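Each reported figure results from applying straightforward, stated rules to the coordinates on display, with no laboratory input. Remember, predicted model here, so these are calculated numbers, not experimental data. Here the Cβ is made from the backbone with ideal geometry for all residues, glycine too, and neighbour counts use every protein chain on show.
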Amino acid sequence: MLDGAAIRNMRHARVGMTAGHDRHKGLASSPVPAFRLVMIRSRHLAVFALVAGAGSAASQRGTLMIVGGGPQPPALVQQFVDLAGGRGRAKIAIFAEASVDGQKSGEEKAAELNALGADAKNIWVTRDEANTDSIAKRLDGVTGVWFGGGDQSRLIKVLRGTKTDAAIRARYNAGAVIGGTSAGAAVMSRVMITGDERRPGGDRRDTTNAYLTIARDNIVTDTGFALIGSAIIDQHFLRRKRHSRLISLVLETSPHLGIGIDESTALIIPPSGPWKIAGASAAVIYDARGSAITPASARVLGATEMRMHVLPAGSTFDVKTGKAVLP
């Protein structure tokens, strides 16, 4: 058993932690884990332990807002600001390194968000700079992160595995919203589509058109930021007719679930509950998690009972059950 002095010390420790937590209550942009002191009793031992409460970082994971490229309707831009805390509270970091013109386009995006009452700043860095403490600390207190469009491979090369990457992930785990469009959408998933093909046109080579075949080992992928691991993200989906490349990946690659988001449309993944579609067009879901798929040795990639959903704004998708609901 713990003696009286030890118990008093634990009580003092609890008071200190509570006071520390209270000092941060007003900082909505910097969620602080709440702890409670509990005593675990067994037959011969009483042990005090710190247990994360409902306000822990794990339970406050943020929201993903994944836009399929193209012009963004004003309502989607406003929704991103609102998810980041709204006027006067949203503090947003913009990373536009996917584009060679990102220094300019990032400033333009910051101006758009600032006009809605956010405090948005474009963080234009090299990989070496992204791996410094000084840049990573610029993410302190951030309530939203935005990835601009361009070439997803450029963005990954600058940020992936750096201290800034870790800081972005920490903000997401603390409740921040992470958003992105086009290339900034592609980087969200673990399996990241690069935009390249190994065999354009398949057996009848054709470099004038993209993604003409459904085939194994044709679509080139890389590892994204893995903010979402349960699905593969594609973008500009309907407008650029990218069905074949996403179907190919869904059939040959775990997790056998893909979401193609059209332009001016967003997939919103909240901390819990069903995923939601917003914007002007639709998102297409291919779900082959229960499908029979031809083996790797088969000449043609095929499957049975792959489910498809075409979901306009207001629709929802439960990734656990596979159930989609129209508005």
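So the values come out like this:
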item	result
Under 11 Å, Cβ to Cβ, from residue 206 - net charge with Lys/Arg +1 and Asp/Glu -1	+1
Chain lengthening between residue 289 and residue 124 when straightened (0.36 nm per residue, less Cα-Cα)	55.5 nm
Between the stretch 201-229 and the stretch 144-182, the alpha-carbon center distance in angstrom	23
Karplus-derived HN-Hα couplings along the stretch 69-85 (A = 6.51, B = -1.76, C = 1.60, θ = phi - 60°), whole Hz, x at Gly and Pro	x, x, x, 9, x, x, 5, 5, 5, 5, 5, 5, 4, 4, 5, 7, x
Distance from the stretch 67-131 to the stretch 246-282 (C-alpha centre basis), Å	22
P(r) histogram, all alpha-carbon pairs of the stretch 61-325 included - 10 Å bins from 0, percent	7, 31, 35, 19, 6, 1
Long-range HN-HN contacts of residue 239 with modeled amide H, under 5 Å	263
Proximal charge balance of residue 291 [Cβ under 11 Å; K/R count +1, D/E count -1]	0
Karplus-derived 3J(HN,Hα), 6.51/-1.76/1.60, for each residue of the stretch 161-166, Hz, glycine and proline x	x, 8, 5, 5, 4, 5
Per-residue ³J(HN,Hα) for the stretch 202-213, Karplus 6.51 cos²θ - 1.76 cosθ + 1.60, θ = phi - 60°, Hz, x for Gly and Pro	x, 5, 10, 3, 8, 9, 7, 10, 9, 6, 7, 10
Residue among 155, 179, 141 farthest towards the positive dipole end of the stretch 137-217, charges placed on Cβ	141
Relative contact order %, the stretch 79-140, counting alpha carbon pairs below 8 Å whose residues are six or more apart	34
